[in-house]
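Structure record follows, encoded as structure tokens.
The values are calculated or read from the model by the stated rules, or taken from the named source; none is laboratory data. Please read all numbers here as calculations on a predicted model, not as lab measurements. Don't worry about glycine lacking a Cβ; one is built from the backbone with ideal geometry, like all the others, and counts go over all protein chains shown.
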Amino acid sequence: MFEWKEEYTTGMKEIDEQHKILFKCFNELEAVVVAGQRNDEKVIAIMEFLDSFCHFHFGFEEICMAERKCSSESENKGAHEAFLKLIDTYKEKIKKEGATEDIVEDIYISMLTWLRNHIIKIDQRFLECPNPPVVPDVLKD
Ligand SMILES: [Fe+2]
């Protein structure tokens with residue numbers, strides 16, 4: 001089971017919380033792999049959630065990066081697009097072949113690896129952004 005640690009922080013609370021939700025998804029996939037029994041319904045539900053949540057999360061993150069003039073803004077966008085395509089590819093594969101153990105294990109390993117690398121290499125550049133986090137009006141004096 002993958003545990004989120006402080007070393008994965010982006011310094012942006014909402015984004016860290018969203019990353020935790022993504023890791024939770026992968027832990028759910030891992031549970032299917034560990035159980036060693038096909039569970040198409042559960043895997044399809046996880047992939048549907050992952051698809052819609054990633055659209056939301058990536059969009060949110062891209063806006064934050066643009067606002068803070070983060071150096072990895074365009075690199076981040078490109079990586080997100082590639083990941084969304086990967087989700088589509090796996091969804092198609094499941095539609096054709098079913099959620100076989102091999103496919104689910106492949107999804108689990110490749111996507112979890114992608115997410116960890118992505119956070120460390122790209123999302124954590126939030127920590128070096130020149131602009132301070134945007135403070136909502138309600139929190140201003
Ligand atoms: Fe990102």
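Observations, loosely collected:
- Across segment 40-53, a minimum of one residue is classified as modelled with pLDDT of 95 or more and hydroxyl-bearing (Ser, Thr, Tyr).
- Counting the residues of segment 110-128 that are more than 16 Å from the ligand (Cβ to nearest atom) and either outside any helix (DSSP H, G or I) or at pLDDT below 90 (or both) gives 0.
- Of the candidates 17, 28, the single residue that is part of a helix (DSSP H, G or I) and within 15 Å of the ligand (Cβ to nearest atom) is 17.
- The set of residues from segment 31-50 being farther than 16 Å from residue 112 by Cβ and assigned to a helix (DSSP H, G or I) comprises 35, 40, 41, 42, 44, 45, 48.
- Number of the condition not met by residue 131 [criteria: (1) away from the ligand (no atom under 16 Å from the Cβ); (2) without any contact (Cβ under 8 Å) to a residue 60 or more places away in the chain]: (2)
- Out of 64, 70, sole residue that is part of a helix (DSSP H, G or I), surrounded by 16 or more Cβ atoms within 10 Å (Cβ to Cβ) and within 12 Å of the ligand (Cβ to nearest atom): 64
- Sub-9 Å Cβ pairs linking a first residue in segment 22-46 that is on the phi > 0 side of the Ramachandran plot to a second residue that is assigned to a helix (DSSP H, G or I), at least 6 apart or interchain, are 36/101, ordered by first then second residue.
- Residue match in segment 87-109 (condition: within 13 Å of the chain's Cα centre (by Cα), surrounded by fewer than 14 Cβ atoms within 10 Å (Cβ to Cβ) and either within 12 Å of the ligand (Cβ to nearest atom) or at pLDDT below 95 (or both)): no
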